[in-house]
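Visitor: Here it is: the structure, laid out below.
The numbers here are math on the coordinates, done by the rules we state, and not lab data. From a predicted model like this one, the values you see are computed outputs, not experimental measurements. Here the Cβ is made from the backbone with ideal geometry for all residues, glycine too, and neighbour counts use every protein chain on show.
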Amino acid sequence: MKKLNYTLLLICGLCGIVNAQAPLGKPVPSADIKTLDGKNINTSTFSNNGKPIIISFWATWCKPCKKELDAIAEQYEEWVAQTGVKLIAVSIDDSRSALKVGGEVKSKDWKFDIYIDENQDFKRAMSVNSIPYTFILDGRGNIVWQHNSYAEGDEANIYEIIKKLASGEKLNE
Amino acid sequence: MITTKILQSILKCALPVLASSTLAVAQVNLNTMGLGEIHGNFQANAQYYIPDSTIGAADVPEKMLFNGFVNILYTKGKFTAGLRYENYLNALQGYPAGYKGTGIPYRFITYRSDFLEITAGSFYEQFGNGLILRTYEERNLGLDNALDGVRIKAEPVKGIYLKGLIGKQRSFFTQGPGIVRGIDGEIQFNELFAKLADKKLIFGIGGGFLSKFQEDKDPTLVLPQNVGSTAVRFNLSRNNFSLNGEYAYKINDPSLDNNFIYKHGDAILLQALYATKGFAVMLSGSRIDNMSFRSDRTAQLTNLLINYIPALNKQHTYSLLTFYPYAAQSKGEMEFSSEVKYKFSKGSLLGGEYGTEILVNYSGSNSLDTTNISIDKDTRKKGYTSSYFSIGPQVYFRDMYVEINKKFNKQWKSTLAYTYQVYNKDVIQKPGTGTIYANIAIVDITYKMNKGALRMEAQHMATKQDQQNWAYLLLEYTINTNWYVAAGDLYNYGNDHANERYHYYNISAGFIKEANRIELSYGKQRAGVFCVGGVCRNVPASNGVTLTITSSF
């Protein structure tokens, strides 16, 4: 009987691990990234007063990334007004183009929070394969949705999810 | 009694599983079970090869080749542990030959408290801009020079950042012979002094020292076993203006890269930016002299690189623009880059309803102005001398690039680009291949429909050198947010040899759902140089079916 119990406990443990793998509800891992003016910040401190957060990985050389952020930028004021959402755009430009990030952001007049992940420490900690890559965090700062690549119109899906989170609805997925 | 116990166990087991189907409960479950979090990602690339003697696609004896990896990260409280399993059975064509078989070449454990972080095992690290140290990975290129050792990062007071490390570098499934050790410090004054926190002027300085040890087993030469390097840097910004720079110096480091000369190496990098709403101008320049730095004197290609020399030219994405890709010349070069971005605002004459963006970039690179020391006078084997401020006569690269981005209305948007490139293939790729002068034009049009989108890329390159003119047409149909199909043809229509005017066509279809992406493609790939982030490798011609799967969990 004891044996059986142990077996069950073991299965329990495995179930737990499977649970832990579920893509919902993880906090943001800790990594050191930089602001545009060179200050250091740890990613575990990201917060938005209980409102949802979008984390978008991009780079100045990534065309679809910029398309996605341009598309969101066009509607961003409305998104913020309606849901209080904050978009954090994390550039993975390395030292050859990191300084261009500021130029890109200001000339495009993006109103997002911008950081630079120069040696991809945060990208690695977030298990990002390739960019563009987008995460959505709920009001408690847990990752509840993630998406790789950008197709025209994807921003509408993102906004739907943000609206649900802002109004306290549960995500179906 | 026994049945109740079993039932209880089953319930204990089953409940969390059921509970995890809803997010809110899942968190409670994870927290109460105290199991920590596991996440990671996965990628698999498989290619089935079809020989094609016309384009030079070789007969692959295995028929099918495969590259894949899984990263697993486990976090609990202040601890994070991770590993990567890699599988090359056998590695895709064009991938570095050292990747053979399977293994776990990357594993680490990190402890992190408020002011201290300790990592044992594999890690990636960069000091400043990377001029003396950058270990990183570009999985698609097969570049991975991770250190395996110990690293300590500390923030004793806010605004002061210290790092120390020791380790050996990864070389495929083994390690390089050299030991790498280094320390780095950085002070950000606006973080350190509360009085400066809200000042407009933001200022920071940093510096690092890095040394490698490799035993001297050379029967004839007396080689330095310890090679030290040091770098100092600063960052400065005020309102719309930013400036940063770094200077690095390395003592003599005879290696295969520099023909075993005993000259020191140095590098300087300066970058400036002025950016305001709708306008940005950027200038950068570098001078690199004998700065190839590896943890094995005889390593080649991208193997066992300790430092990173950034190429400053614009990083292009359109395929014909990257036909002749520039890679920084760590042996020696003087490089510059300038870029202006302007956005005609919404509602203005040229801006229209959505604004119009214009970008002009001019970048280039030349040799250093060097004088060889004649062999009979070069008693200390210094090889050459170089003049610090004068630019060498040999042009390595030029790129004069103009790009216009315009969104016309909710349906239509386009990108037009034109460039004139000069590419010294002799120096950058292979001696005896000459210099290429190319005019390249790009038209990229997107038509957005109710659900999906249609995109067309038309590209043309005109050159009298190498394989002469090329044309490329790509059609991409995004059916909805999940599915896409694409077809393209790269045509060497202008080849002087009429029988070598090959088509390199490619069709592909992909499925994306959340963090998962699957793509199946069939087509031909020309032999060429494939680059990511300024690091390049040669890829042979191929023909076949490719399956790519990526996933994060």
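Visitor: Would you check which residues across the range B:361-418 are within 17 Å of residue B:267 (Cα to Cα) and aromatic (Phe, Trp, Tyr) and list them?
Guide: B:384, B:388, B:389, listed by residue number.
Visitor: Turning to a different aspect of this structure: Suppose we filter B:210, B:221, B:256 for residues that are of a type in the set (A, V, I, L, M) and touching a Leu at 6+ places or on another chain (Cβ under 9 Å); which single one remains? Even if it seems obvious, please write down each step before you answer.
Guide: Values: B:221 fails: touching a Leu at 6+ places or on another chain (Cβ under 9 Å); B:256 fails: touching a Leu at 6+ places or on another chain (Cβ under 9 Å).
Answer to the selection: B:210.
Visitor: Residue by residue through the range B:222-232, note down the ones that are in a strand (DSSP E or B) and in contact (Cβ under 8 Å) with a residue 24 or more places away in the chain.
Guide: Of the range B:222-232, the ones in a strand (DSSP E or B) are B:226-232.
Of everything in the range B:222-232, those that are in a strand (DSSP E or B) and in contact (Cβ under 8 Å) with a residue 24 or more places away in the chain turn out to be B:227, B:229, B:230, B:231, B:232.
Visitor: Among B:501, B:526, which is more than 14 Å from chain A (Cβ to nearest Cβ), under 16 Å from residue B:544 (Cβ atoms) and basic (Lys, Arg)? Don't jump to the end; show me each part of the working.
Guide: On the way: B:501 fails: under 16 Å from residue B:544 (Cβ atoms).
Just a single option satisfies the conditions, and that option is B:526.
Visitor: Looking at the range B:447-465, which of the residues that are in contact with a Phe, Trp or Tyr (Cβ under 8 Å, 6 or more places away or on another chain) and in a loop (DSSP other than H, G, I, E, B) is surrounded by the fewest Cβ atoms within 10 Å (Cβ to Cβ)?
Guide: Ranking the qualifying residues of the range B:447-465, first place goes to B:464.
Visitor: One residue is enough: does the range A:92-115 have a residue meeting the conditions assigned to a loop (DSSP other than H, G, I, E, B), at the interface with chain B (Cβ under 8 Å from one of its Cβ atoms), in contact (Cβ under 8 Å) with a residue 40 or more places away in the chain and acidic (Asp, Glu)? Quick ask: steps written out before the conclusion?
Guide: Quick first cut of the range A:92-115, residues assigned to a loop (DSSP other than H, G, I, E, B) only: A:92-97, A:109-112.
Still in the running and at the interface with chain B (Cβ under 8 Å from one of its Cβ atoms): A:94-97, A:109.
Checking the rest, the ones that are also in contact (Cβ under 8 Å) with a residue 40 or more places away in the chain come to none.
Taking every residue of the range A:92-115 in turn, none turns out to be assigned to a loop (DSSP other than H, G, I, E, B), at the interface with chain B (Cβ under 8 Å from one of its Cβ atoms), in contact (Cβ under 8 Å) with a residue 40 or more places away in the chain and acidic (Asp, Glu).
Visitor: Every residue in the range B:202-216 that is crowded, with 22+ Cβ neighbours inside 10 Å and outside any strand (DSSP E or B), please.
Guide: The answer is B:214, and nothing else.
Visitor: Inside the range B:233-258, can you point out the residues that are aliphatic (A, V, I, L, M) and assigned to a strand (DSSP E or B)?
Guide: B:236, B:243, B:248 - these are the residues of the range B:233-258 that are aliphatic (A, V, I, L, M) and assigned to a strand (DSSP E or B).
Visitor: So, in the range B:99-139, exactly how many residues are surrounded by fewer than 18 Cβ atoms within 10 Å (Cβ to Cβ) and assigned to a loop (DSSP other than H, G, I, E, B)?
Guide: Filtering the range B:99-139 for residues surrounded by fewer than 18 Cβ atoms within 10 Å (Cβ to Cβ) gives B:100-104, B:107, B:109, B:111, B:113-116, B:118, B:120, B:138-139.
The next check asks that each one be assigned to a loop (DSSP other than H, G, I, E, B); those that pass are B:100, B:113-115, B:139.
Adding up the residues that qualify gives 5.
Visitor: Name every residue in the range B:398-413 that is touching a helix residue (DSSP H, G or I) at 6+ places or on another chain (Cβ under 9 Å) and among the basic types (Lys, Arg), in order of residue number.
Guide: B:407, B:413
Visitor: Pick out the one residue from B:252, B:244 that is of a type outside the set (Phe, Trp, Tyr), buried (at least 17 other Cβ atoms within 10 Å of the Cβ), more than 9 Å from chain A (Cβ to nearest Cβ) and touching a residue at least 12 places away in the same chain (Cβ under 8 Å). Give the steps one after another, and end with the answer.
Guide: On the way: B:244 fails: more than 9 Å from chain A (Cβ to nearest Cβ).
Exactly one of B:252, B:244 is of a type outside the set (Phe, Trp, Tyr), buried (at least 17 other Cβ atoms within 10 Å of the Cβ), more than 9 Å from chain A (Cβ to nearest Cβ) and touching a residue at least 12 places away in the same chain (Cβ under 8 Å), namely B:252.
Visitor: Looking only at the range A:131-144, which residues are more than 7 Å from chain B (Cβ to nearest Cβ) and surrounded by 19 or more Cβ atoms within 10 Å (Cβ to Cβ)? Spell out how you get there, then give the answer.
Guide: Just the residues of the range A:131-144 that are more than 7 Å from chain B (Cβ to nearest Cβ), to begin with: A:131-141, A:143.
Selection gives A:131, A:132, A:133, A:134, A:135, A:136, A:137, A:138, A:143.
Visitor: Also, I was wondering about something else. When the residues of the range B:217-235 are filtered to those that are farther than 20 Å from residue B:126 by Cβ and aliphatic (A, V, I, L, M), which remaining residue is surrounded by the most Cβ atoms within 10 Å (Cβ to Cβ)? Before you say what the answer is, go through the steps one by one.
Guide: Taking the range B:217-235 and keeping what is farther than 20 Å from residue B:126 by Cβ, we get B:217-226.
Subsequent filtering for residues that are aliphatic (A, V, I, L, M) retains B:221-223.
Details: B:221: 11, B:222: 9, B:223: 18.
So the residue we want is B:223.
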